[in-house]
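Have a look at the structure below before the remarks.
The values are calculated or read from the model by the stated rules, or taken from the named source; none is laboratory data. Computed from a predicted structure; not experimentally measured. Positions of Cβ are generated from backbone atoms using ideal geometry, with glycine treated the same way; all protein chains shown enter the neighbour counts.
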Amino acid sequence: MLIPFPIKSTIEARRSTRSYQIQPVEHDVIDAVKSFSEAMPIPFDHNVEIRFFHADPTKTLYPLMKSPPDNIAFMAETDSISISKAGFVGELLILYAQSKSLYTCWYGHYKLIELERLMPHLQSPDQLKEANKGFGYSKGETAGVQVICITPLGYYEERGLRLMDRITEKTISHKRKEIIELLENPDSFSYLSDDILYALDLGRKAPSAGNAQMWRFGFKDFFNTITVAMPPGYQHFKWEHPNVDIGICACHVWLGLLDRGWQPTVKVSEEAGRAVWEISIE
């Protein structure tokens, strides 16, 4: 399966960005991103919809950040598996955008009424009432398709970055737990092959809400299958939909195995309200 960008360096270069130049993405670049979105090599069936839309240069859509002209929405149903698939699919597109020198940031707390104005997508007016205090969609499973997350898409503007974001970027956002800290059973570490460790290293570099790094890695089939899931009963103090982050992490692990020459199979199931990914090599 061909991935049209260098996997490891692209993952390591990606940063969540909260300050953008207010200028559109160059035509040839946005066309390339759109083309990739229509032909992404996703290793499972899914119903995630990707929509590109334009926003006004205000702080209405994204809290405390001016919107650049170009943006992307990831839409799916709101069960745990569909939400997690949106994370996987969306991250693959975001990494491709990164390889084109574009910046992004996963946002689940967008202003729903503003998004509906810019990109009409709701099936009924009542769905506006499902917003969580006006931002994003409500906690828990809801009817029909919703915008799970959106991201700005554009060019970085360092001068517009808030002081708090500067501090967070330098002291919090880029720190990652060691692999052994993320294993369901730390004793498993000594049994892991170099290829598995390589994939887990890219997995631990995935973005997560508040840099919570809530994923845990388990193993099956004599360590030929990696599982990626939240601990049972996990709840983030702020982010209502951590299954998105689990899908993002699973995408990184899958890419890591591809980068080592494997053609891993991927499946996801629900267990106690959480998405559980299984990524297997033979």
Practice item. For region 12-21, indicate whether the set of residues that are without any contact (Cβ under 8 Å) to a residue 24 or more places away in the chain and either in contact with a strand residue (DSSP E or B) (Cβ under 8 Å, 6 or more places away or on another chain) or part of a loop (DSSP other than H, G, I, E, B) (or both) is non-empty. Key: no
Taking region 97-126 and the residues there that are touching a Ser or Thr at 6+ places or on another chain (Cβ under 8 Å) and part of a helix (DSSP H, G or I), the one that is surrounded by the most Cβ atoms within 10 Å (Cβ to Cβ) would be 97
Considering region 22-56, residues that are in a loop (DSSP other than H, G, I, E, B) and of a type in the set (Asp, Glu), and then whichever is nearest to residue 102 (Cα to Cα), we arrive at 26
Checked region 33-47 for anything out of contact with any helix residue (DSSP H, G or I) (no Cβ under 8 Å at 6 or more places or on another chain) and surrounded by 12 or more Cβ atoms within 10 Å (Cβ to Cβ); matches are 34
Expected single match for crowded, with 17+ Cβ neighbours inside 10 Å, outside the structural domain of residue 89 (by TED's automatic domain parsing) and in a helix (DSSP H, G or I) among 253, 268, 228 is 253
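Residues checked against (1) within 13 Å of the chain's Cα centre (by Cα); (2) in a loop (DSSP other than H, G, I, E, B); (3) not hydrophobic (A, V, I, L, M, F, W, C):
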{"residue": "202", "(1), (2), (3)": "no, no, no"}
{"residue": "207", "(1), (2), (3)": "yes, yes, yes"}
{"residue": "217", "(1), (2), (3)": "no, no, no"}
{"residue": "235", "(1), (2), (3)": "no, yes, yes"}
{"residue": "257", "(1), (2), (3)": "no, no, no"}
In region 231-247, anything among the charged types (D, E, K, R) and loosely packed, with under 14 Cβ neighbours inside 10 Å is listed as 238
